[in-house]
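In what follows, a single structure is set out as structure tokens and then discussed.
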Amino acid sequence: MGGGFNLGKVFGIQVRLHFTWFIIFFLVTISLSWQFFPASYPGWNQSLYWVIGIITSLLFFASVLAHELAHSLVGRVNGIPIKSITLFIFGGIAQMTKEATKAGAELKMAIAGPACSLVLGGIFALLWWLTRGVIEPVAAMAFWLAWINVVLAVFNMIPGFPLDGGRVFRSLVWRFTGNYQRATRIATRLGQGVAYAFILGGILIMFLLQEWLGGLWIIFIGWFLQYAASVSYRQAQQREALHGFTAAQVMTSDYMAIPSNITVSQLVQEHVLFKGHRLFLVTDAGEVRGMVTMHHIKSVPQSNWDMTPVEKIMVPADQLKVVRPEQDALSVLEQMDENDINQMPVVNERRVIGLITRDNLARFLRTRAELRV
Ligand SMILES: [Zn+2]
């Protein structure tokens, strides 16, 4: 999910705000300060509604973040590394670089989020109980936060993948059948069913109850869940299709070796423009010195192409992440995700024997699907 900015790291996990988050922050704050608090607690100072509304809204999103952090930390303990957490219009997403390999790990990780929301709900309920009748604005805030955290826990436990409840459901089917692929298929199908139920429910709410905005919102959530469920299903299929193949089997030899002393301009003229190569291994006397991609070429202003040797722009060999030929193809994809790279040389006894790129992994999957092999 692009289009956002980094807030910093919490427990080593990058926290990001997607630009759609500002829409939901605005809507939540408005509905609290304009409707909920004035209607439920008349007689406050006008600016107090806004101060409490903004603080409540911020604490709500902190609660969403805590929910995602709970998933992430439990995931990490169970061997599922989490790269980043993104807050966006429909809540939060923790980006995993690989799926759980054991049903138990998935179950613990999935339960952690709703459990965290329930605990937070309890803490805010306690705060409400301590402050009610004493400090009304704090009690009002705590009351709403207690309620919304419980709603968050309950909503997420709906058994439609990729909601937490869907993950819990998958881990149980997985444990019961011992078949991850089948469990994912059942859980994502159920997830799509739940998504369509949301869309249908939203339409009914719009036309039967005349609740236009509320209905529309539920339709949007349903539409998003349907999208997320189909993406998860496809990814699971792809992962399954890569599993059991080695790096040597899926690598390509479609790359060029070039000497380190040629200039960027020579490289572009001789190899990129007319022959269409996009990826180069820089070698001197058979030994790998580094790698150059289109991305590196574009990072040099065209006026400097004549003066810049490729040596200057390449990723040097000692910084290259490499793959062993016997390595599992799925683990290569996971390594790429983890390191945010698009290609990895396959190295056998210090010699490059091939290259794996995201493109050729995708092509491999397409071919398998096309030929049904
Ligand atoms: Zn969750």
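Quick check, is Lys98 assigned to a helix (DSSP H, G or I), closer than 22 Å to Thr188 by Cα and out of contact with any His (no Cβ under 9 Å at 6 or more places or on another chain)? Spelling it out, it is not the case that Lys98 is assigned to a helix (DSSP H, G or I), closer than 22 Å to Thr188 by Cα and out of contact with any His (no Cβ under 9 Å at 6 or more places or on another chain). For Ser117, the conditions (1) small (Gly, Ala, Ser); (2) part of a helix (DSSP H, G or I); (3) more than 16 Å from the ligand (Cβ to nearest atom) all hold with the exception of (3). With the requirement that a residue be more than 16 Å from the ligand (Cβ to nearest atom) and under 30 Å from Gln192 (Cβ atoms), what does the range 124-164 give you? Matches in the range 124-164: Trp147 only. Counting only residues that are surrounded by fewer than 22 Cβ atoms within 10 Å (Cβ to Cβ) and within 16 Å of Ala229 (Cα to Cα), the range 172-183 holds 2 of them. Once the range 81-111 is narrowed to residues that are crowded, with 22+ Cβ neighbours inside 10 Å and either closer than 24 Å to Thr177 by Cβ or among the acidic types (Asp, Glu) (or both), the residue that is farthest from the ligand (Cβ to nearest atom) is Ala100.
Right, Val373: crowded, with 18+ Cβ neighbours inside 10 Å, under 32 Å from the mean Cα position of the chain (by Cα) and over 27 Å from Ile82 (Cβ atoms) or not?
no
Whenever a residue of the range 123-151 is touching a residue at least 24 places away in the same chain (Cβ under 8 Å), its partners that are among the hydroxyl-bearing types (Ser, Thr, Tyr) and surrounded by 18 or more Cβ atoms within 10 Å (Cβ to Cβ), lying with C-beta atoms within less than 8 angstrom and at least six residues away or across chains, give the pairs Met141/Thr56; Trp144/Thr56; Leu145/Thr56; Leu145/Ser63; Ile148/Ser63; Asn149/Ser63; Asn149/Ser117; Val150/Ser117.
Regarding Val300, is this residue out of contact with any Pro (no Cβ under 7 Å at 6 or more places or on another chain) and at pLDDT 80 or above?
Working: out of contact with any Pro (no Cβ under 7 Å at 6 or more places or on another chain): yes; at pLDDT 80 or above: yes.
Answer is yes for this residue.
Taking the range 1-59 as the range and being surrounded by 15 or more Cβ atoms within 10 Å (Cβ to Cβ) and in contact with a His (Cβ under 9 Å, 6 or more places away or on another chain) as the test, only Gly4 passes. A Cβ distance below 8 Å, combined with a sequence gap of six or more or placement on separate chains, defines the contacts here; from the range 75-97, residues that are touching a residue at least 40 places away in the same chain (Cβ under 8 Å) reach residues that are part of a loop (DSSP other than H, G, I, E, B) and hydroxyl-bearing (Ser, Thr, Tyr) in the pairs Pro81/Thr97; Ile82/Thr97; Lys83/Thr97. Has the range 184-196 got any residue that is farther than 18 Å from Ala228 by Cα and either among the charged types (D, E, K, R) or surrounded by fewer than 17 Cβ atoms within 10 Å (Cβ to Cβ) (or both)? No: zero hits.
The set of residues in the range 236-273 that are closer than 30 Å to Met307 by Cα and of a type outside the set (A, V, I, L, M, F, W, C) comprises Ser253, Asp254, Tyr255, Pro259, Ser260, Asn261, Thr263, Ser265, Gln266, Gln269, Glu270, His271. Is the range 49-60 home to any residue that is at pLDDT 90 or above, over 30 Å from Arg239 (Cβ atoms), within 14 Å of the ligand (Cβ to nearest atom) and of a type in the set (S, T, N, Q)? No, the conditions are met nowhere in the range 49-60. Taking the conditions (1) among the polar types (S, T, N, Q); (2) in contact (Cβ under 8 Å) with a residue 12 or more places away in the chain; (3) not in a helix (DSSP H, G or I) in turn, Ser33 satisfies each one other than (3).
Of all residues in the range 65-77, count the ones that are touching a Lys or Arg at 6+ places or on another chain (Cβ under 8 Å) and more than 15 Å from the ligand (Cβ to nearest atom).
Pass one, the range 65-77, residues touching a Lys or Arg at 6+ places or on another chain (Cβ under 8 Å): 74.
Those still in the list that are more than 15 Å from the ligand (Cβ to nearest atom) too: none.
So the count comes out to 0.
Evaluation of Asp164 against the conditions (1) among the acidic types (Asp, Glu); (2) surrounded by 22 or more Cβ atoms within 10 Å (Cβ to Cβ); (3) touching a Phe, Trp or Tyr at 6+ places or on another chain (Cβ under 7 Å) shows that the sole unmet condition is (3).
For the range 150-262, give me every one of the helices (runs of 4 or more DSSP H) that falls completely inside it and has 2 or more residues that are of a type in the set (Lys, Arg). Before you say what the answer is, go through the steps one by one.
On the way: elements: 164-177, 180-208, 212-242, 247-250.
Once the helices (runs of 4 or more DSSP H) in the range 150-262 are filtered for at least 2 residues that are of a type in the set (Lys, Arg), what remains is 164-177, 180-208, 212-242.
The values are calculated or read from the model by the stated rules, or taken from the named source; none is laboratory data. This is a predicted model, so every value here is computed, not measured. Glycine also receives a Cβ, built like all others from the backbone with ideal geometry; neighbour counts cover every protein chain displayed.
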